[in-house]
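**Q** Sharing a structure, written as structure tokens. Questions coming.
Laboratory data are not the source of any read-out in this text; all were calculated from the coordinates shown. Not measured: the values here are computed from a predicted model. Here Cβ is always computed from backbone atoms with ideal geometry, including for glycine, and neighbour counts include all displayed protein chains.
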Amino acid sequence: MITEPRSGNEAEKSEALSGREQTAASVTGDCLAGDNFASNSSEGDSLGGGSKRILLTGGRAPATLELARLLRAVGHTVFAAESAPYHLCRASRAVTRSFSVPAPAFDPAGFAAALARIADECLVDAIIPTCEEIFHVSRELGRFAGRCKVLAAPLDELDRLHHKGAFIRMAEAAGLPVPPTAIVEAPDGWLPLLADDAFADGLVLKPAYSRFASRVIMVEPREERLSPSVREAVIRTLADSGGGVSPARPWIAQKLLRGEEWCTYGVAHQGVLAAFAAYRSRFRAGRGASIHFAAETHPALADWVARFVRHARFTGQIAFDFMAEPDGAVYPLECNPRATSGIHLFRPGDGLAEALLAPAGLAASGAVATPRPGAGAMLSPAMLTYGLAQAVRERRMREWMRAFAGSRDAVYRRGDAGPAAEQLRLFAWLRRTARGRGVTLQEASTIDIEWNGER
């Protein structure tokens, strides 16, 4: 919903083509089937009114599928580009056509060239990257000048937000409360922090570039007197982890915070917040991604995010993970300058499409698109596995049952059931990839799109 009244257009449904996929090299006039289309222009910060032709990348993610459905529901034509052979968007009726493109992490130039060809042939008005491929798109922003608008900030800006240490420094410079954080550039670089009172409650070690809380190491309070053998074990783990720890592959050490984890998702336009959602991280896949989402109001988080994007003069999608301590203080843990699961909380009438495509009007009026409090969603397979195991382990079965019964599935929709079946094919492909590369399923889901500071 929009926090101030506005007029809106009813969603116009169409029989979109689904499950049809092409390589970017074989784009045809089929792009133009279906809807009227606007001229291909990159001028201005907002696309204005009327139906637009939108190309989404990252079609494997449930959040991208949600965005495709939201955009289609308010009258836009949606295309998807993805390097995975199976992905949710290719099976959705909300997507007019899906394209296979090179993997951005392995062939960034080929990936960008493929997107440019799709933009030309399909007369795309805007490209909206959703996952970590946004960094690879941003590196090639010049390629899209004069072709279409790209909803991605410059690479240097995105990189500072993605780097967990640089982001904390940015927030600190904005005068916002942050947890004590230090850059670690050697496997034993964290040892001096054991004598620092700022880390007396313990510390968390994690790669500066990472996702899903992967490779996180918890070091408990120093009062427990870490034995030399424990210290050596941590040092060996860091030395052997993903290329080791060095100035080229930094980690961060952050104060171990106690409290409740919250997540936010938002859209900003020239430093003004245009959309915002907050939800608690109650059920997760291991230590990592949330798998259940319910919209809640949290004024302190909304204020923190608004102040940060204003300081950074940021434009684009931006998400944060926070720790809310028992005394009410909130501290940022990391920033994701892209789409996240907070998208699942929005409904077609809530104004997210307007915040993404025509934010100037919202920004000028001071209105913010927000989901209705209590709006919920979940990843059902994950809730039945990770979530249920967590509920049993933590003796939270009643809470789990209420959450499961009161939330809609993020993937399945009546009348658009294709993605629900597609996720089984996607899972099988991810499992093969994980086995072949010796990584976890979560790591396999981003290995071909992720960004770790490469230049």
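**Q** Suppose R0 equals 45 Å. What FRET efficiency, 1/(1 + (r/R0)^6) with r the Cβ-Cβ distance, do Ser227 and Asp120 give to the nearest 0.05?
**A** Values: r = 62 Å, r/R0 = 1.39.
So the FRET efficiency works out to roughly 0.10.
**Q** Here's something else I'd like to know. Per residue of the stretch 426-443, in order, report the coupling 6.51 cos²θ - 1.76 cosθ + 1.60 (Karplus, θ = phi - 60°) as ³J(HN,Hα) in whole Hz, putting x for Gly and Pro.
**A** 4, 4, 4, 5, 4, 5, 5, 5, 4, 5, x, 9, x, 10, 6, 4, 5, 5
**Q** Now for a separate question. Please report the relative contact order for the chain, taking Cα pairs under 8 Å with a sequence separation of at least 6, and give it as a percent rounded to a whole number. Display every interim value, and only then the final one.
**A** On the way: 945 pairs, mean separation 82.6, N = 455.
Averaging sequence separation for qualifying contacts and normalising by length gives 18 percent for the chain.
**Q** Given a Förster distance of 45 angstrom, what is the FRET efficiency for Val392 paired with Arg310, based on the Cβ-Cβ distance and rounded to 0.05? Please list the in-between numbers first.
**A** Details: r = 43 Å, r/R0 = 0.97.
Efficiency, rounded to the nearest 0.05: 0.55.
**Q** Follow-up. Can you show me the helix-derived [θ] at 222 nm for the chain, built from DSSP H runs with n ≥ 4 at -39,500 (n - 2.57) apiece and divided by the number of residues, rounded to the nearest 500.
**A** Here the helix-only value at 222 nm equals -8500 deg cm²/dmol.
**Q** For the chain, compute the number of Lys pairs whose alpha carbons are separated by less than 14 Å, excluding pairs fewer than 8 positions apart on the same chain.
**A** Values: Lys52/Lys149; Lys164/Lys206; Lys164/Lys255; Lys206/Lys255.
Eligible lysine pairs with Cα atoms under 14 Å apart amount to 4.
**Q** Which shape class applies to the stretch 262-356: rounded if a/c is under 1.5, otherwise prolate when a/b exceeds b/c and oblate if not, where a ≥ b ≥ c are the square roots of the Cα gyration tensor eigenvalues?
**A** Values: a/c = 1.69, a/b = 1.20, b/c = 1.41.
Oblate.
**Q** What is the extension gain from Glu296 to Thr440, computed as 0.36 nm multiplied by their sequence separation minus the C-alpha to C-alpha distance, in nm to one decimal? It would help to have the intermediate numbers written out before the result.
**A** Numbers: separation 144, 0.36 × 144 = 51.84 nm, distance 3.16 nm.
The span from Glu296 to Thr440 would gain 48.7 nm if fully extended.
**Q** Rounded to the nearest 0.05, what FRET efficiency do Ala364 and Glu172 have when you use their Cβ-Cβ distance and R0 = 30 Å? Intermediate values should be presented prior to the final figure.
**A** Details: r = 30 Å, r/R0 = 1.01.
In this case the efficiency is close to 0.50.
**Q** Moving on to the next point. Going by alpha carbons, how many degrees (0 to 90, nearest 10) lie between the helix axis of 108-121 and the longest principal axis of the chain?
**A** Between helix and principal axis, roughly 20 degrees.
**Q** Which residues in the stretch 283-310 place their backbone N less than 18 Å from a point set 7 Å from the Cα of Asp409 along the Cα-to-Cβ direction?
**A** Taking a point 7 Å out along Cα→Cβ of Asp409, the residues of the stretch 283-310 whose backbone N falls under 18 Å are 291-293.
**Q** So who's got an amide H within less than 5 Å of the one on Ile127, skipping anything under 5 residues away but keeping other chains? H placed 1.01 Å off N, in plane.
**A** Counting only residues 5 or more places away or on other chains, the set is Leu55, Lys149, Val150, Leu151.
**Q** I'd like the Karplus ³J(HN,Hα) series for the stretch 316-322: coefficients 6.51, -1.76, 1.60, θ = phi - 60°, whole numbers in Hz, and an x wherever there's a Gly or Pro.
**A** x, 7, 8, 9, 9, 10, 10
**Q** For the chain, give the share of DSSP beta bridges that are antiparallel, in percent and rounded to the nearest 5; count only bridges with both residues there.
**A** On the way: 43 of 63 bridges.
If I count the DSSP bridges inside the chain, around 70 percent turn out antiparallel.
**Q** How would the stretch 226-315 be classified by its alpha-carbon gyration tensor: rounded, prolate or oblate, with rounded meaning a/c under 1.5 and the a/b versus b/c comparison settling the rest?
**A** Details: a/c = 2.72, a/b = 1.79, b/c = 1.52.
Taking the square roots of the gyration eigenvalues as a ≥ b ≥ c, the stretch 226-315 is prolate.
**Q** Okay, moving on. Can you tell me the 0 to 90 degree angle between the C-alpha axis of helix 299-312 and the longest principal axis of the chain, rounded to 10?
**A** In the chain, helix 299-312 runs at an angle near 80 degrees to the longest axis.
**Q** So between Glu260 and Arg402, what do we pick up on full extension, going 0.36 nm a residue minus the alpha carbon distance?
**A** Details: separation 142, 0.36 × 142 = 51.12 nm, distance 1.91 nm.
In short, 49.2 nm is gained.
**Q** Could you bin all the Cα-Cα distances of the chain into 20 Å bins starting at 0 and give me the percent of pairs in each, rounded to whole numbers?
**A** 25, 59, 16, 0
**Q** What distance in nm lies between label points placed 7 Å from Cα along the C-beta direction at Thr385 and Arg236?
**A** The modelled label-to-label distance comes out at 3.1 nm.
**Q** Once you order the gyration tensor axes a ≥ b ≥ c over the Cα atoms, which shape class does the stretch 180-255 get: rounded for a/c under 1.5, otherwise prolate or oblate by comparing a/b with b/c?
**A** Details: a/c = 1.70, a/b = 1.38, b/c = 1.24.
Because a/c hits 1.5 or more and a/b exceeds b/c, the stretch 180-255 counts as prolate.
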